Amino acid sequence: MKTWLPYLVESFGIRVHECRQQLQVMIPDNLPLLITDLTQLERILNELLHNACKYTPAGGTISVGVKGVEDEGKMQNAKCKMQNSALLPTNQSQIQNPKSKIPSFLQISVTNTGVEIPANELSRIFDKFYRVPRNDPWKHGGTGLGLALVQRLVDCLRGTIHVVSENNRVEFIIQFPMLAGCEAHEA
């Protein structure tokens, strides 16, 4: 993630500059290693960043963050749904010492400011062909298939996705469960 994600985000630099937006990437040094289908993960993040650029007004900020998170009970069902994705500790001491704290999930978030999705629209944003009415400041248009595709790809990678929209910002949060403590599944 530390080398791959900034490279992916950098491809949006010209567009962000032209739209007078800010772009931030936050990646800690001690992340677990993500083993996944890189093509699908890239497609997910490209779509979320495309939408963030599309819906963020001039002067707004787009942030991409990655972190390890502990199991807080929210994602219990996702914990053992490993098939196409796996997370492994990145340092040898975590492998040798099973009592080391290893995050339960790797979380990737894409956040944009300057806009909100109305509460009554949140339940529909992952529906095929659905677009939030009057929410495109740059008038780019679209088919309403992007977020439906994102949800399907996240499901294929055995992750979860949800959205939080409040305080003049929208945040898409994707979590991939750790393999530790789960029975491995054959692909």
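Each other residue within a Cβ distance under 11 Å of HIS50 adds +1 if Lys or Arg and -1 if Asp or Glu, for a net charge of +2. Remark: VAL163, VAL66, VAL154 ranked as VAL163, VAL66, VAL154, counting other beta-carbon atoms within 10 Å and listing the fewest first. Full extension of the segment from GLU166 to LEU33, taken as 0.36 nm per residue of separation minus the current Cα-Cα distance, would add 44.8 nm. Among residues other than GLN21 whose Cβ falls under 11 Å from its Cβ, what is the net charge (Lys/Arg +1, Asp/Glu -1)? The answer is +2.
Throughout, read-outs are computed from the coordinates displayed, never taken from laboratory work. Just so it is clear, the structure is predicted and the values come from calculations on it, not from any experiment. Please note: Cβ atoms are built from the backbone with ideal geometry, for glycine as well, and neighbour counts cover all protein chains shown.
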